[in-house]
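A short write-up of the structure that comes next.
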Amino acid sequence: MKDDFFALGGDRDTAEALRAEIVARFDTPLSREAFLEAPTIERLGCHLRAHSRRLNEAPLVELQPHGPKRPFFFLPGGEGTTLNAYAFARRMGPDQPVYGLQSRGLYGDRPPFSRIEDMAADHLESLRTVQPRGPYLLGGHCAGGWVALEMALQLQRRGEQVAVLAVCDAWSPAIVGARMANETFLDDLVEFCAIAAAGFRYWFGVDSRLDSDEMRALAPEQRIAHFMRWAREHGAYAPDEPDTRFERLLAVFRSYPRAGYVPTERFQGPLTFLRAIDSKFCETPTEGWEDVTTQPLRLRMVPGNHVSLLTEPHAEAVAHEVRAAIAESGVS
């Protein structure tokens, strides 16, 4: 992302063609001068975000919008961003559209929802702009699995069919309270930063350790700024990301377990649970998901851990199982 367009062999003619394509694709002003001043993906991204409200706030993200098949809608985990699902979306194939549903509160002016039911209803509004009627194909990672489940239940009550519900390495809603009682990272900022940094290793290839002791030596009000400097220096965040981005991430992350979500009914369709073989997050093979559905649980073990299962080289195995679930559903 930091490579210079012209150092890679680009010239003025190809630069102008690329600039015109960027303007058409993102509907955002980009002058010739601005392109020449910022001829890297990273700096162009900063420019586009600075001039586009839509790029900052759109809850629906086109991870892979091409192909004639019924779209698959994916809910990210507690981090709220669909960024870590790009490898999975590409592995779904060029003919299988995949859309991500990004959490409210991460960007824009709106705070996070405090109820899973409200998150699901909001995402259904976005989903219907792409696909007004079912059958629907839904999936989610970690806490995103709870939201995907609630979306499926709300659609079920409306008489819509959810042909696929795929949950990746998640606790079922019934056991969240008991598991979270022993966790401290929600209230310990340094511990949460260390967990986020470990995730960056898989999402962004950040091969550097965050020094938690150094963070604890700082005054509490300095810790987020310190973490964001580290993240920007190592490419986990873009140069223009403000320190408040991590505060928003933390608020979104906390909103899921604190919602106290309890499904009001059981899902009547097929549920696939993709459990990471090396997961330290999940403690049992099924994590209670068999109690969420009236049909036999479709359990599949996939390579990787709680974070890496959606990244290379493991994304292909997850995509394979989701494609198989779609094929078994018989919808087209």
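Kindly evaluate VAL307 against the criterion of being under 19 Å from SER279 (Cα atoms), of a type in the set (A, V, I, L, M, F, W, C) and at pLDDT 95 or above.
Details: under 19 Å from SER279 (Cα atoms): yes; of a type in the set (A, V, I, L, M, F, W, C): yes; at pLDDT 95 or above: no.
No.
From the list GLU33, GLU21, GLU16, GLU42, which residue is among the charged types (D, E, K, R) and closer than 20 Å to GLU241 by Cα?
Values: GLU33 fails: closer than 20 Å to GLU241 by Cα; GLU21 fails: closer than 20 Å to GLU241 by Cα; GLU16 fails: closer than 20 Å to GLU241 by Cα.
Answer to the selection: GLU42.
Name the residues in region 91-138 that are of a type outside the set (Lys, Arg), closer than 19 Å to LEU250 by Cβ and either open to solvent by 10 Å² or more (accessible area, probe 1.4 Å) or touching a Phe, Trp or Tyr at 6+ places or on another chain (Cβ under 6 Å) (or both), would you? Before you say what the answer is, go through the steps one by one.
Let us first name the residues in region 91-138 that are of a type outside the set (Lys, Arg), namely 92-103, 105-109, 111-114, 116-127, 129-132, 134-138.
Subset that is closer than 19 Å to LEU250 by Cβ: 102-103, 105-109, 111-114, 116, 119.
Correct list: GLN102, SER103, TYR107, GLY108, ASP109, PRO111, PRO112, PHE113, SER114, ILE116, MET119.
Residue under question is PRO111, and the condition is that it be closer than 24 Å to PHE204 by Cβ and either modelled with pLDDT under 95 or aromatic (Phe, Trp, Tyr) (or both); does it hold? Please lay out each step first, then the result.
Numbers: closer than 24 Å to PHE204 by Cβ: no; either modelled with pLDDT under 95 or aromatic (Phe, Trp, Tyr) (or both): yes.
Answer is no for this residue.
Please enumerate the residues belonging to region 101-131 that are farther than 17 Å from ALA152 by Cβ and either free of Cβ contacts under 8 Å to residues at least 60 places away in the same chain or not hydroxyl-bearing (Ser, Thr, Tyr) (or both). Even if it seems obvious, please write down each step before you answer.
The first filter runs over region 101-131 and keeps only residues farther than 17 Å from ALA152 by Cβ, leaving 102-114, 129.
Result: GLN102, ARG104, GLY105, LEU106, GLY108, ASP109, ARG110, PRO111, PRO112, PHE113.
Restricting attention to region 145-171, which residues are at pLDDT 95 or above and of a type outside the set (A, V, I, L, M)?
Of everything in region 145-171, those that are at pLDDT 95 or above and of a type outside the set (A, V, I, L, M) turn out to be GLY145, TRP146, GLU150, GLN154, GLN156, ARG157, ARG158, GLY159, GLU160, GLN161, CYS168, ASP169.
Of the conditions (1) more than 22 Å from ARG110 (Cα to Cα); (2) assigned to a helix (DSSP H, G or I); (3) more than 21 Å from the chain's Cα centre (by Cα), ALA50 clears all except one; give me its number.
Unmet for ALA50, out of (1) more than 22 Å from ARG110 (Cα to Cα); (2) assigned to a helix (DSSP H, G or I); (3) more than 21 Å from the chain's Cα centre (by Cα): (1).
Output the residue which, of all residues in region 204-215 that are open to solvent by less than 70 Å² (accessible area, probe 1.4 Å) and in a helix (DSSP H, G or I), is nearest to ASN305 (Cα to Cα). Steps first, answer last, please.
In the first step, residues of region 204-215 are kept if they are open to solvent by less than 70 Å² (accessible area, probe 1.4 Å); the result is 204-206, 208, 210-212, 215.
With in a helix (DSSP H, G or I) added as a condition, the list becomes 204, 212, 215.
Values: PHE204: 16, SER212: 22, MET215: 26 Å.
Ranking the qualifying residues of region 204-215, first place goes to PHE204.
If GLU150 meets every condition in (1) among the acidic types (Asp, Glu); (2) part of a helix (DSSP H, G or I); (3) open to solvent by 10 Å² or more (accessible area, probe 1.4 Å) apart from one, which number is that one?
(3)
Quick one: in region 13-31, which of the residues that are open to solvent by 90 Å² or more (accessible area, probe 1.4 Å) and modelled with pLDDT of 90 or more is nearest to ALA236 (Cα to Cα)?
GLU21
Which residue pairs have Cβ atoms closer than 6 Å, lie 6 or more positions apart in sequence or on different chains, and pair a first residue in region 195-208 that is within 15 Å of ARG232 (Cα to Cα) with a second residue that is among the aliphatic types (A, V, I, L, M) and open to solvent by less than 70 Å² (accessible area, probe 1.4 Å)?
Between residues of region 195-208 that are within 15 Å of ARG232 (Cα to Cα) and residues that are among the aliphatic types (A, V, I, L, M) and open to solvent by less than 70 Å² (accessible area, probe 1.4 Å), the close pairs are ALA197/LEU210; GLY199/VAL307; PHE200/VAL206; PHE200/ALA236; PHE204/ALA236; VAL206/ALA236.
For ARG201, state whether it is out of contact with any helix residue (DSSP H, G or I) (no Cβ under 6 Å at 6 or more places or on another chain), under 26 Å from PHE273 (Cα atoms), surrounded by 15 or more Cβ atoms within 10 Å (Cβ to Cβ) and of a type in the set (Lys, Arg). Reasoning before the result, please.
Working: out of contact with any helix residue (DSSP H, G or I) (no Cβ under 6 Å at 6 or more places or on another chain): yes; under 26 Å from PHE273 (Cα atoms): yes; surrounded by 15 or more Cβ atoms within 10 Å (Cβ to Cβ): yes; of a type in the set (Lys, Arg): yes.
Yes, satisfied.
Condition test on PHE227, is it within 30 Å of THR40 (Cβ to Cβ), of a type in the set (Phe, Trp, Tyr) and out of contact with any strand residue (DSSP E or B) (no Cβ under 7 Å at 6 or more places or on another chain)?
Taking the combined requirement at face value, the residue satisfies it.
Which ranges mark the helices (runs of 4 or more DSSP H) fully within region 216-332 that have 3 or more residues being open to solvent by less than 30 Å² (accessible area, probe 1.4 Å) and without any contact (Cβ under 8 Å) to a residue 60 or more places away in the chain? Don't jump to the end; show me each part of the working.
Values: elements: 220-233, 244-255, 315-329.
The helices (runs of 4 or more DSSP H) meeting that bar are 220-233.
If I ask for residues that are assigned to a helix (DSSP H, G or I) and farther than 17 Å from ARG248 by Cβ, which ones from region 73-90 would you list? Steps first, please.
The first filter runs over region 73-90 and keeps only residues assigned to a helix (DSSP H, G or I), leaving 82-90.
Correct list: ALA85, TYR86, ALA87, PHE88, ALA89, ARG90.
Across region 44-56, which residue is surrounded by the most Cβ atoms within 10 Å (Cβ to Cβ) among those that are in contact (Cβ under 8 Å) with a residue 24 or more places away in the chain and under 21 Å from GLY235 (Cβ atoms)?
Selected residue: LEU48.
Which pairs have Cβ atoms under 8 Å, sit 6 or more apart or on different chains, and link a residue in region 80-91 that is free of Cβ contacts under 8 Å to residues at least 24 places away in the same chain to one that is open to solvent by 10 Å² or more (accessible area, probe 1.4 Å) and of a type outside the set (Ser, Thr, Tyr)?
THR82/VAL61; THR82/LEU63; THR82/GLN102; TYR86/LEU63
Assess whether ALA196 counts as being closer than 20 Å to PRO76 by Cα and open to solvent by 60 Å² or more (accessible area, probe 1.4 Å).
Numbers: closer than 20 Å to PRO76 by Cα: yes; open to solvent by 60 Å² or more (accessible area, probe 1.4 Å): no.
Spelling it out, it is not the case that ALA196 is closer than 20 Å to PRO76 by Cα and open to solvent by 60 Å² or more (accessible area, probe 1.4 Å).
The values are calculated or read from the model by the stated rules, or taken from the named source; none is laboratory data. Keep in mind that what you see is a predicted model, and the values were worked out from it rather than measured. When we count neighbours, we look across all protein chains shown, and the Cβ atoms used for this are built from the backbone with ideal geometry, even at glycine. Just the protein is used for accessible areas: all its heavy atoms, side chains included, with ligands, DNA and RNA removed. Shrake-Rupley method; radii C 1.70, N 1.55, O 1.52, S 1.80 Å.
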